[in-house]
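Contents: one structure, followed by commentary.
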Amino acid sequence: MFEKVLIANRGEIALRIARACRELGITSVAVYSTEDKDSAVVSYADEAVHIGPGPAKRSYLNIPAIVEAAKQTNAAAVHPGYGFLSEDPDFAEVCEQEDLVFLGPPAEVIAQLGDKCAARELMDKAGLPILPGSHGPVGSAAEAHDLAERIGFPVIIKAAAGGGGRGMRVVGNYDEFLPAYGAVAGEAQTLFGDSRLYVERYVPSARHVEVQVLCDVHGNAIHLGVRDCSVQRRHQKLLEESPAPLVPDEVIGRMGESAVAGAKAAGYVGVGTFEFLVDSNWDFYFMEVNCRIQVEHPVTELVTGIDLCHEQFKVGAGERLSLAQSDVQNRGAALECRINVEDPSRGFVPAPGLIESFVLPGGPFVRVDTHGYPGYRMSAMYDPLLAKVLTWAPTRDQAIARMDRALGELRVAGSGVCTTAGFLRQVLADEAFRAGSHDTGLVARLFDNE
Amino acid sequence: MSHDTHAVNGRQPTTEAAETADGRLAELAEVQRHTVELLSRLDRQPSNVRVQAGDITLDITWDAAPAAPTAEGPLAPPTATTETTETGEPAAAADYLTSPGVGTFYHAPEPGAEPFVSVGTVVQPGQQVGIIEAMKLMIPVEADRAGRIAEVLKPNGEPVEFAEPLFALEAEDTGETEET
């Protein structure tokens, strides 16, 4: 196992990784920007290096600064967390060159799966179901237009370099296609510097279900069940759960097998997520692979009892998987609510500031991952995630009741500070959500009803 | 010029008294008395003294600090290495030339060459005073204001963090800022 690991991230995930380090006897090194000098992980980690000023470009996205910090502290590996450099093939490659273990898949795997067109092609060949659409990027707007007509509307136009809900647009009919195509191409060029697009059939009332995979460097791969992330607003997840409600076990089993086949075909290493879209007939289609630990990974930890960060360190150190597929047993139901400093009554605008009062829920089967504390100033410079509240119970109904109880106990107060907790309780009370029959349109519908 | 900042923070024994005008005056008089007593015991005259009564702040500034408060080493957490004033600003940041990045600090453009600056060198804004090497990238360290190098705080070839003080800087004419 590694003696020392540098955590190239911030916020709650940096603290979560530092905790895993402590449990495994690994010395942790935090890195921080000037903006984050008072952050929890800076005092929690064994060591901390100031890598740059507030803007992420000059700190958390600054590859030379992070690599230098790792070398100065003699770290053997770098844990990239999620976001920032976690899916940057250049960073993975630089780590490799500098003899630092990058805790993620090899650079070329990240590059291939990061290109959504290439990933779609690869998974198609590996036998995963994909939605009807273009094979590779479309050559021109006219070609895409013809293709869309053959697939049948509605279709979705996506950027090859996109992901995380950015660089995509749904088109309802033939006339709307060309203007939308131009808009997405422009957006893709601006956001990713890559205007290649592809087109697929759009499934309106779909569920977002993802499979957690775990792979070692020796070619072994298993899956750790699914998470349903259908409670989304503009493709941003707000609440995740496991198992996926109502989805038959047999379907979940096939999704798991598909993800493992896909991971093996890609030469995947580490923890990763295969995202699928599931329609009302329980047909599922491959969407994309997330080459990192995910925000919602604790949901899987609660139902499987497996610590994904520990596993990440083990496979990163070259160990063989200590678990066989049959060792993974899902037990009960778990939910995660993302507590963002956002104001749902004003279109989820960021509402950060000084957190004066901060009381966390507790009691049986409640887990809270947060970097917050009373007196912590939530910066407007980074993402608005303040805390993840999770509950576990033998059944989904009980886990929902427990989550409602936990969110009721949560108190976050400060001038101008507002969180999504109240809105999430509204979701928990929704009939369709309680029945487990909701789809990705749930949040939009809740707002229309107001 | 470089300085140490000592902040003396305290509260009146009774907060009610502090809330009245009389209380404030009494508080101010008390702080002034302590200040005079403190100054009489100093072996070196400070260049600047600032007294504030509400929530009591007392800042004393000297020219050319004998040691940088952030010289404890690159690995200590920032809470242990950064002295802060009431306002939370890093103490005396204005009087150091600091590192523009994480890397190795070099005094000279190449091994064996003359250092860019040494103690006593008068620097102008924009003048190169050192190099930070990060992954074979050479980042020039430039003075962001004019002054005279009072002390070189980091040895040649030493690893440094972002914003770590490299040089103590003093005003070219040290007499100019005397206020007490």
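The values are calculated or read from the model by the stated rules, or taken from the named source; none is laboratory data. This one's a predicted model, so the numbers in the text were calculated from it and none came from an experiment. Neighbour counts are summed over all protein chains in view; Cβ atoms, including those assigned to glycine, are modelled from backbone coordinates with ideal geometry.
Condition check ((1) at pLDDT below 95; (2) more than 23 Å from A:V49 (Cα to Cα); (3) crowded, with 21+ Cβ neighbours inside 10 Å) across all residues:
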position: B:T82; (1), (2), (3): yes, no, no
position: B:G103; (1), (2), (3): no, no, yes
position: B:E114; (1), (2), (3): no, yes, no
position: B:E142; (1), (2), (3): no, no, no
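Looking only at region A:197-215, which residues are assigned to a loop (DSSP other than H, G, I, E, B) and buried (at least 20 other Cβ atoms within 10 Å of the Cβ)? Even if it seems obvious, please write down each step before you answer.
Going residue by residue through region A:197-215, those that are assigned to a loop (DSSP other than H, G, I, E, B) are A:202-206.
Scanning region A:197-215 gives A:Y202, A:A206.
Of A:G219, A:G262, which residue is small (G, A, S), in contact (Cβ under 8 Å) with a residue 40 or more places away in the chain, touching a helix residue (DSSP H, G or I) at 6+ places or on another chain (Cβ under 9 Å) and in a helix (DSSP H, G or I)? Lay out the reasoning, then the answer.
Numbers: A:G219 fails: in a helix (DSSP H, G or I).
Being small (G, A, S), in contact (Cβ under 8 Å) with a residue 40 or more places away in the chain, touching a helix residue (DSSP H, G or I) at 6+ places or on another chain (Cβ under 9 Å) and in a helix (DSSP H, G or I) holds for just one of A:G219, A:G262, which is A:G262.
Taking A:V295 as meeting all but one of (1) in contact (Cβ under 8 Å) with a residue 24 or more places away in the chain; (2) among the hydrophobic types (A, V, I, L, M, F, W, C); (3) over 30 Å from A:L122 (Cβ atoms), write down the number of the exception.
(3)
Of the residues that make up region A:177-186, is at least one in contact with a strand residue (DSSP E or B) (Cβ under 9 Å, 6 or more places away or on another chain) and under 30 Å from A:A92 (Cα atoms)?
Taking every residue of region A:177-186 in turn, at least one turns out to be in contact with a strand residue (DSSP E or B) (Cβ under 9 Å, 6 or more places away or on another chain) and under 30 Å from A:A92 (Cα atoms).
Determine which single condition A:G133 fails, assuming it passes every other condition in (1) at pLDDT below 95; (2) surrounded by fewer than 17 Cβ atoms within 10 Å (Cβ to Cβ).
Exception for A:G133: condition (2).
Only one residue in A:L446, A:L428, A:L410 is among the hydrophobic types (A, V, I, L, M, F, W, C) and without any contact (Cβ under 8 Å) to a residue 24 or more places away in the chain. Which one?
Checking each option against the conditions leaves just A:L446.
Residue under question is A:Y202, and the condition is that it be touching a Cys at 6+ places or on another chain (Cβ under 9 Å), at pLDDT 90 or above and among the hydroxyl-bearing types (S, T, Y); does it hold? If you could, list the steps in order and put the result at the bottom.
Numbers: touching a Cys at 6+ places or on another chain (Cβ under 9 Å): no; at pLDDT 90 or above: yes; among the hydroxyl-bearing types (S, T, Y): yes.
No, not satisfied.
For A:Q112, which of the numbered conditions (1) at the interface with chain B (Cβ under 8 Å from one of its Cβ atoms); (2) of a type outside the set (V, I, T); (3) touching a helix residue (DSSP H, G or I) at 6+ places or on another chain (Cβ under 6 Å) fails to hold?
For A:Q112, the failing item is (1).
Identify, please: which residue in region A:330-352 is of a type in the set (G, A, S) and not in a strand (DSSP E or B) and is, among those, surrounded by the most Cβ atoms within 10 Å (Cβ to Cβ)? Give the steps one after another, and end with the answer.
First, pick out the residues of region A:330-352 that are of a type in the set (G, A, S): A:332-334, A:345, A:347, A:351.
Those left that are additionally not in a strand (DSSP E or B): A:332, A:345, A:347, A:351.
On the way: A:G332: 16, A:S345: 12, A:G347: 10, A:A351: 21.
It comes out as A:A351.
A:E143 fails exactly one of the following numbered conditions: (1) in contact with a helix residue (DSSP H, G or I) (Cβ under 9 Å, 6 or more places away or on another chain); (2) without any contact (Cβ under 8 Å) to a residue 12 or more places away in the chain. What is the number of that condition?
Only one criterion is unmet by A:E143, namely (1).
Considering only region A:172-191, how many residues are surrounded by fewer than 17 Cβ atoms within 10 Å (Cβ to Cβ) and aromatic (F, W, Y)? Please lay out each step first, then the result.
Initial filter on region A:172-191 (surrounded by fewer than 17 Cβ atoms within 10 Å (Cβ to Cβ)): A:172-176, A:178-179, A:182-183, A:186, A:189-191.
Checking which are aromatic (F, W, Y) leaves us with A:174.
Number satisfying all stated conditions: 1.
Regarding A:A20, is this residue surrounded by fewer than 24 Cβ atoms within 10 Å (Cβ to Cβ) and touching a Phe, Trp or Tyr at 6+ places or on another chain (Cβ under 6 Å)?
It is false that A:A20 is surrounded by fewer than 24 Cβ atoms within 10 Å (Cβ to Cβ) and touching a Phe, Trp or Tyr at 6+ places or on another chain (Cβ under 6 Å).
Looking only at region A:132-152, count how many residues are under 29 Å from the mean Cα position of the chain (by Cα), within 19 Å of A:Y174 (Cβ to Cβ), in a loop (DSSP other than H, G, I, E, B) and of a type outside the set (S, T, N, Q).
Qualifying residue count for the region: 2.
Considering only region A:300-329, state which residues are of a type in the set (D, E, K, R) and either crowded, with 16+ Cβ neighbours inside 10 Å or not in a helix (DSSP H, G or I) (or both). Outline the logic, then answer.
Taking region A:300-329 first, the residues of a type in the set (D, E, K, R) are A:301, A:307, A:311, A:314, A:319-320, A:327.
Correct list: A:E301, A:D307, A:E311, A:K314, A:E319, A:R320.
Counting only residues that are within 22 Å of A:N330 (Cα to Cα) and in contact with a helix residue (DSSP H, G or I) (Cβ under 7 Å, 6 or more places away or on another chain), how many does region A:265-288 have?
Qualifying residue count, region A:265-288: 7.
Under the condition of being in contact with a Gly (Cβ under 9 Å, 6 or more places away or on another chain), surrounded by 15 or more Cβ atoms within 10 Å (Cβ to Cβ) and touching a residue at least 60 places away in the same chain (Cβ under 8 Å), which residue from region A:146-171 is nearest to A:R292 (Cα to Cα)?
By that ranking, first place goes to A:G163.
Answer yes or no as to whether A:E121 is within 14 Å of chain B (Cβ to nearest Cβ) and farther than 20 Å from B:P100 by Cα.
Details: within 14 Å of chain B (Cβ to nearest Cβ): no; farther than 20 Å from B:P100 by Cα: yes.
No.
Does A:D404 satisfy the criteria of being acidic (D, E) and in contact with a strand residue (DSSP E or B) (Cβ under 8 Å, 6 or more places away or on another chain)? It would help to see each step written out before you state the result.
On the way: acidic (D, E): yes; in contact with a strand residue (DSSP E or B) (Cβ under 8 Å, 6 or more places away or on another chain): no.
Spelling it out, it is not the case that A:D404 is acidic (D, E) and in contact with a strand residue (DSSP E or B) (Cβ under 8 Å, 6 or more places away or on another chain).
Grab the helices (runs of 4 or more DSSP H) fully contained in region A:1-91, keeping just those with 2 or more residues being small (G, A, S) and away from every other protein chain (no Cβ under 14 Å).
Values: elements: A:11-24, A:40-44, A:63-72.
Hits in region A:1-91: A:11-24.
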